[in-house]
Amino acid sequence: MVVFSRARSVSLAAKMFYWQFVSYFSNMPCEVKPRFVVLYGSQKGQAQSIAEGIAEEAEQHGLVADLSCLNQNGKYNLEKESAPVVFVVSTTGDGEPPDNTLQFVRRIKKKTLSHDHYKHLCYALLALGDSNYANFCNCGKIIECRLGEVGAKHFYPTGYADDGVGLEVVVDPWLEGLWDAIKETLSKMASDRAAPFRENVDNSVKEIPDSSIPDVHLNLLSITDEPHGASASTDSKYASPASTSAVFDLRPASYAGGTVVVPQPHSTASGPTADPKTHDAILAASLTHSLPPLSESSLNVPALPPAFLDVTLKKVDTLEQNVGPLNKETLHQVTISKAVQLSRGDSVKTALLLELDFSSYPAFTYEPGDSFDVFCPNRAVEVDYLLCRLGLQDQKNHHVHVTVKNDTKKKGAQVPSHISQNASLLFLLTWCLEIRSVPKKAFLRALVEHTSDGVQKRRLQELCSKQGASDYNLYVREPSLSIVELLTAFPSCSPPLSLLIEHLPKLQPRPYSAASSRRKHPGKLHFIFNVLEFPACPERPAGSRGLCTGWLFDLINPDPVFPVKAEPSSSLALPKIHVRLRPNCSFRPPSDPSAPFIMVGPGTGVAPFIGFLQQREEERKKNPEALFGETWLFFGCRHRDGDYLFREELEGFVSSGTLSHLKVCFSRDDMKDEDAATSAAQPRYVQHNLLLNSRQVTDILLRKNGYLYVCGDAKNMAKDVNETLMEMIKTELRVDQLEAMKRLAVLREEKRYLQDIWG
């Protein structure tokens, strides 16, 4: 009897534990959605936009996403985080983290962190960058490397998206595979947490006779399981093309719950109307017209981005002056005291030098190598066009009030920080929104809902669809189409003001390098630029000028007459602009004047080196007995007579001994060496001149601890120079490609190979 009672007691305890286990895991999926964390670091909004898209789409997959910026320390805690974490980070400058990511990077790079500090952390990372720059996706690589060093583990391969060819080439497929990876990881985590329960149940069941336990089959629901009859092609935002050819979504095109599958049109007309004559005249694809197979395909159109802003306009009694950017207290309003045209004759590009007078701001100091931001407005004619298209021309002086919709489905919705409350509509469109920015696919998707013409609506759907990716690149992204040009091409599209505020990014200031030394020009700062010209094309019939360079040109030359006057007429008020200094602590001349250095700067890339040499000249005058290292400048332009910027000043530096070697080449001048013995063509580009002086250059860099500075175009010149340097090192040191790459990497790490380049 005693033995029987003990066995019966154990059996009942095991049964109770068993049913508690069943109850716990049966109720969990019904009450709590599995969660994961999305963290972003963004400079201009692209990474933030992608992260917000992930958070918004999570609900469609039965998940909850906690969205935070990496600088919002109070909203997340990686030290204790048990859920999967998705990072979306961009890179800015010369491989630097965005401003809102610097603190996070410093935190994880602390040497006091142990090798298993983040062993509990499971993460995925999407890095955004531009391969035209040397340190491609460097911020993402830094985070990935450091997390690995302190024990964190990937649950999904890292994506490296290249803005040089189009972020969507990597971003779209990376996002497509992310959801299965998150679900699989969450399922594994749930299974791991359940393991102790299962072990205890198994041990208890061994002590219970089979006849004492009911015949129950426990089926734990995996979060990757789909309900019976569910179609992946209609629920997935990134359904495969194969699945869409046989699936037609009967919901309206405005459905915001997931991908909308648009059936192929019954008519193949691809003009503004279905007129057969118009169709016959269309022989080639364009921004507004497509051809088969795209025009006859079913489309995967992304989900409609949720609206999240309410915008109201309020009439005011007094008119404000639309005279400058926001945050004027952090800027300096300086006078343009001189303007000189540097290019001559029939030069392809118009190069200008401007002198800024900041003598009234004693605290505004700069060093050679520094740059500064110029805050420019949108062009008045483009702002007026938008006001007309929005039907708000008569309300341009009304104050704009922006709030978040109470019923919005957008995760973490907030009024953009660059939107000034209670400023006029004219001010908002002039100084706050980047109306020249290339519309993203999500913006095109939103515009579909405000387009009345059926054929135009279909074309916008194509441009934002997965099947129309190549057309989007060809007709929108590559020509850098703006919202103004897009609306011109689609006249039946009439978006509300709230849509522009939701989708247009902040109007960014334009950076320029200082082309002077304040030691030579006290109270003054020089900078140079080419007036950018965008020629006419089918997508931009009228052509256009660069936003900032065109504005600066108009400021100093209201009536475009050449040459630009060196000194403005005293009877006219001198133009003023708003600027902000951008100190560059690394792109500076060597602190040791005896260190040799090499400068490579074709075209306007020569700008910072004028400041380098002006400063060196002043130092030599002050300390004539000091030891100064040799200096080299490799400069290039199209024509000796038209584009040779700062020719007199550069030759003067050579005469005074400030510049040891000046190597100049002209890519469009057909010149041969007069010495028949050499009979070699003159070098056309700066990298050719580097090769001709290979031994001296490598000797300075590898044996004399010298410095190399490169400034200018990132897409071609900087890449070519880098490849040339590798070839020079391979030849001079007789090493292989890998070893040459390592030598260059060491130069970068030691801050002796520095770049100031732009795309």
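The values are calculated or read from the model by the stated rules, or taken from the named source; none is laboratory data. Being a predicted model, the structure only gives us computed values, none of them experimental. Every residue, glycine among them, receives a Cβ derived from its backbone with ideal geometry; neighbour counts consider all protein chains shown. Calculation scope for accessible area: heavy atoms of the full protein, side chains included, ligands and nucleic acids excluded. Shrake-Rupley method; radii C 1.70, N 1.55, O 1.52, S 1.80 Å.
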Q) What are the pairs, 6+ residues apart or on separate chains, where a residue within region 358-383 that is of a type in the set (S, T, N, Q) has its Cβ under 8 Å from a residue that is open to solvent by 70 Å² or more (accessible area, probe 1.4 Å)? A) 359/522; 365/518; 371/511; 371/582
(Q) I want to confirm something. Restricting to region 151-166 and keeping residues that are aliphatic (A, V, I, L, M) and out of contact with any helix residue (DSSP H, G or I) (no Cβ under 7 Å at 6 or more places or on another chain), which single residue is nearest to residue 181 (Cα to Cα)? (A) 152
Q: Of all residues in region 395-427, count the ones that are surrounded by 14 or more Cβ atoms within 10 Å (Cβ to Cβ) and part of a loop (DSSP other than H, G, I, E, B).
A: 15
(Q) Residues that are modelled with pLDDT of 95 or more, of a type in the set (A, V, I, L, M) and within 30 Å of residue 306 (Cβ to Cβ): list the helices (runs of 4 or more DSSP H) wholly contained in region 475-563 that include at least 3 such residues. (A) 483-489, 497-503
Q.
residue 479 - would you say it is surrounded by fewer than 22 Cβ atoms within 10 Å (Cβ to Cβ) and farther than 29 Å from residue 295 by Cβ?
A. no
Q) What are the residue pairs meeting all of these: first residue in region 652-668, first residue closer than 23 Å to residue 691 by Cα, second residue among the polar types (S, T, N, Q) and crowded, with 21+ Cβ neighbours inside 10 Å, Cβ atoms under 6 Å, and 6 or more apart or on different chains? A) 659/631; 660/631; 663/689; 665/689
Q: Return the only residue of 347, 343, 360 being closer than 19 Å to residue 521 by Cα and either β-branched (Val, Ile, Thr) or in a loop (DSSP other than H, G, I, E, B) (or both).
A: 360
**Q.** Residues (free of Cβ contacts under 8 Å to residues at least 40 places away in the same chain, open to solvent by less than 40 Å² (accessible area, probe 1.4 Å) and farther than 19 Å from residue 433 by Cα) located in region 535-554
**A.** 543
Q.
Can you find, within region 432-457, the residue that is farthest from the chain's Cα centre (by Cα) among those that are open to solvent by 30 Å² or more (accessible area, probe 1.4 Å) and among the hydrophobic types (A, V, I, L, M, F, W, C)?
A. 455
Q: Determine which member of the set 598, 610 is open to solvent by less than 10 Å² (accessible area, probe 1.4 Å), touching a residue at least 24 places away in the same chain (Cβ under 8 Å) and in contact with a strand residue (DSSP E or B) (Cβ under 7 Å, 6 or more places away or on another chain).
A: 598
Q. Does residue 714 meet the test of being more than 27 Å from the chain's Cα centre (by Cα), aliphatic (A, V, I, L, M), at pLDDT below 95 and open to solvent by less than 60 Å² (accessible area, probe 1.4 Å)?
A. no
Q | Matching residues in region 498-531 - criterion: being in contact with a strand residue (DSSP E or B) (Cβ under 6 Å, 6 or more places away or on another chain) and open to solvent by 40 Å² or more (accessible area, probe 1.4 Å) | A | 510, 511, 524
Q: Within region 37-49, track down each residue that is in a helix (DSSP H, G or I) and surrounded by fewer than 22 Cβ atoms within 10 Å (Cβ to Cβ).
A: 46, 48, 49
Q) So which residues in region 131-150 are crowded, with 21+ Cβ neighbours inside 10 Å and either in contact with a helix residue (DSSP H, G or I) (Cβ under 6 Å, 6 or more places away or on another chain) or touching a residue at least 40 places away in the same chain (Cβ under 8 Å) (or both)? A) 133, 137, 139, 140, 142, 143
Q.
Anything in region 492-535 that is over 13 Å from residue 355 (Cβ atoms) and aliphatic (A, V, I, L, M)? List them, or say none.
A. 497, 499, 500, 501, 504, 507, 531, 532
Q.
From the list 358, 372, exactly one residue is over 30 Å from residue 307 (Cβ atoms), surrounded by 19 or more Cβ atoms within 10 Å (Cβ to Cβ), of a type in the set (A, V, I, L, M, F, W, C) and in contact with a Gly (Cβ under 7 Å, 6 or more places away or on another chain). Which is it?
A. 358
(Q) For region 42-72, give me the residue count where each residue is more than 24 Å from residue 302 (Cα to Cα) and touching a Phe, Trp or Tyr at 6+ places or on another chain (Cβ under 8 Å). (A) 3
Q: Go through region 52-107 and count every residue that is under 16 Å from the mean Cα position of the chain (by Cα), surrounded by fewer than 21 Cβ atoms within 10 Å (Cβ to Cβ), among the polar types (S, T, N, Q) and assigned to a helix (DSSP H, G or I).
A: 1
Q) Out of all the residues in region 259-310, which are modelled with pLDDT of 85 or more, part of a strand (DSSP E or B) and open to solvent by less than 40 Å² (accessible area, probe 1.4 Å)? A) 299, 300, 301, 309
Q: Give just the number: which of (1) touching a helix residue (DSSP H, G or I) at 6+ places or on another chain (Cβ under 6 Å); (2) touching a residue at least 60 places away in the same chain (Cβ under 8 Å) does residue 70 not satisfy?
A: (2)
Q: Could you tell me which residue of region 27-36 is modelled with the lowest pLDDT, considering only residues that are open to solvent by 60 Å² or more (accessible area, probe 1.4 Å) and in a loop (DSSP other than H, G, I, E, B)?
A: 32
